[in-house]
Structure formats: C-alpha cells, structure tokens
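> Handing you a structure now.
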Amino acid sequence: MKATQDVLRVWHMFDDHPMETITKAWYFSRSGENKQRSVDLMKEHRNEFGTSGNCFDLALWLIEEFLANGITAYAVGHDLKTHNAHVAVVAINEEGSRYFCDLGDLWIEPILIDRDSDDYCEDELVGFVTGGKIKVEINLNEVNFNYIRPNGKVSNQRFSLQPIEFNELFDAANHSQSLLRHPLVEMRIYSPNEVSHWEFDRWNSFISSNSGLIQESRLSNNREWAARINSRTVINKDIIIKSLDVYSKILHN
C-alpha cells in the first residue's frame, strides 16, 4: 500500500512544512479580492517567513511539484465552499497506480487507492497516520478512510475521486482563505521510532504519538504562544503574533 519512490520523492519535499492557518489571517488584510496565493508566492513566503499554508495551499503546491517531476496529479475533496471543506491530492505513478496524498491532514505517507493493484489491501494498516490505523474502502469513484484509534474509536472521511477542475479548485480555495475561524497549526515530528504529530488548536497544544496524547502547558499570551509555535515550525514570530491577534479579535467579537 506504500507509495513508490517517484511519488515519495516529491512527498518528502514537504516533510518540514506545517499545515497552518497562521498565514491565512496574516495575509488576509494584505491581499485584494483574491485571497488564495499563487504557488510562487507561497514559495517566497516560505523562504522569507517560514510559512506554508492550509490544505488548499498545500494541495496546489504539491500538485505543481508532482507535475514538475513528471507525475500526473490532481485535487480531490469534499464539502467545497463550506466550513468543512477539505482537499487532498491523487498522484499517479509511472505504472498508473493512484496514491492518495493528504498534506492537509499531514498523513505520514501517501496510500494506494487502486483496487486492481496486487498491493491493494483492505486490512487495518499502520504507518500512514499517527496514533492509529487506516482502513481503505473503494466504492466506485469514491474512497472512504476509516481511522481506528487505539481506544477503538473510529472516525471516517469520504472523498470523491473525481478530479476537481482547476477553476473550481481555485474558486473553492479563495473561498476557504476568506473564512477566518480559529488558528490551527499542525507539524510532524520525526524520530527514529515513529512520526509524532504536534498540534496547536485554539490556544491549546499537544503531541499525538503511538503511545497516546501528551498535553502541553497552557501559556499566558500570544507572544508566548508565538515562541512555542516558532520553535516547532520556524514560522516568523512577528507573523504568528499578528495572526493570533487577528484571531483573538474575531473570537472576542
């Protein structure tokens, strides 16, 4: 079920990229009608400020890198132009096998989604998400992922595998960038034994690992939170503070 080296080579280019909505709030007042950044601008911001972006940013960026490396790729998603919108990428390797690639949820690796492949498996699989197993179900032109946690709790996410046309994708991305709700930062932590998942969500932070959840101490103000987020992601502290201040005002209005 693991991806081939041509797909993984591009995927691992994003190992140190957080999924974050910090950039969204910071960039919101600096942009015009179109809130969605181009990939070139994302790269500029990454080099200058250490930012990356949300699931739409990362999907657009990942697709461009796949295409630049001769790999066919397109976006898939669900609930576009709503608060629950989410997009990921399907990459097709040289042999024609399809792999689901989700940087928006910071999967550890892409996963095979071809029923006709000899490597396809509907067992519960480890090594794709932190602190749980994945079970893949393909139904016609849809894929359903069951996330099985160590405590037995199961959640699922369903994607249409119909490619999202670029104009539709960009329109949905622009809509998403216009929605400011709450700050979220997620980062993979690589160690010799596992890949853990660090998360900042609404002024709480914690680490998920195969051994459980580690809650970090609460902090007093946005400057302190900026220091912690910076230590995990290298995003510029001033940008983090400005972004968190924007979210603070939204939540208190």
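> For region 87-107, give me the residue count where each residue is buried (at least 16 other Cβ atoms within 10 Å of the Cβ), in contact with an Asp or Glu (Cβ under 7 Å, 6 or more places away or on another chain) and in a loop (DSSP other than H, G, I, E, B).
Looking only at that region, the number is 3.
> Conditions first: (1) touching a residue at least 12 places away in the same chain (Cβ under 8 Å); (2) open to solvent by 30 Å² or more (accessible area, probe 1.4 Å); (3) assigned to a loop (DSSP other than H, G, I, E, B). Asn84 passes all but one, so which condition is the exception?
Tallying (1) touching a residue at least 12 places away in the same chain (Cβ under 8 Å); (2) open to solvent by 30 Å² or more (accessible area, probe 1.4 Å); (3) assigned to a loop (DSSP other than H, G, I, E, B), Asn84 fails exactly one: (1).
> Hey, which of the strands (runs of 3 or more DSSP E) in region 119-237, taking only ones fully inside, have at least 3 residues that are open to solvent by less than 40 Å² (accessible area, probe 1.4 Å)?
Fully inside region 119-237 and qualifying: 133-139, 142-148, 184-190, 195-201, 205-209.
> Also, quick follow-up: Quick one: Ile240 ticks every box in (1) free of Cβ contacts under 8 Å to residues at least 24 places away in the same chain; (2) closer than 22 Å to Arg30 by Cβ; (3) under 19 Å from the mean Cα position of the chain (by Cα) except a single one, so which number is it?
Going through the list (1) free of Cβ contacts under 8 Å to residues at least 24 places away in the same chain; (2) closer than 22 Å to Arg30 by Cβ; (3) under 19 Å from the mean Cα position of the chain (by Cα), Ile240 breaks only (1).
> Does Ile241 meet the test of being part of a helix (DSSP H, G or I), at pLDDT 95 or above and within 18 Å of His17 (Cβ to Cβ)?
Against the criterion (part of a helix (DSSP H, G or I), at pLDDT 95 or above and within 18 Å of His17 (Cβ to Cβ)), Ile241 does not qualify.
The values are calculated or read from the model by the stated rules, or taken from the named source; none is laboratory data. Just so it is clear, the model here is predicted, and its values are computed rather than measured. Methodologically, a virtual Cβ is constructed for each residue, glycine included, from the backbone with ideal geometry; neighbour enumeration extends over all protein chains shown. Keep in mind that these areas ignore ligands, DNA and RNA; they rest on the heavy atoms of the full protein, side chains included. Shrake-Rupley method; radii C 1.70, N 1.55, O 1.52, S 1.80 Å.
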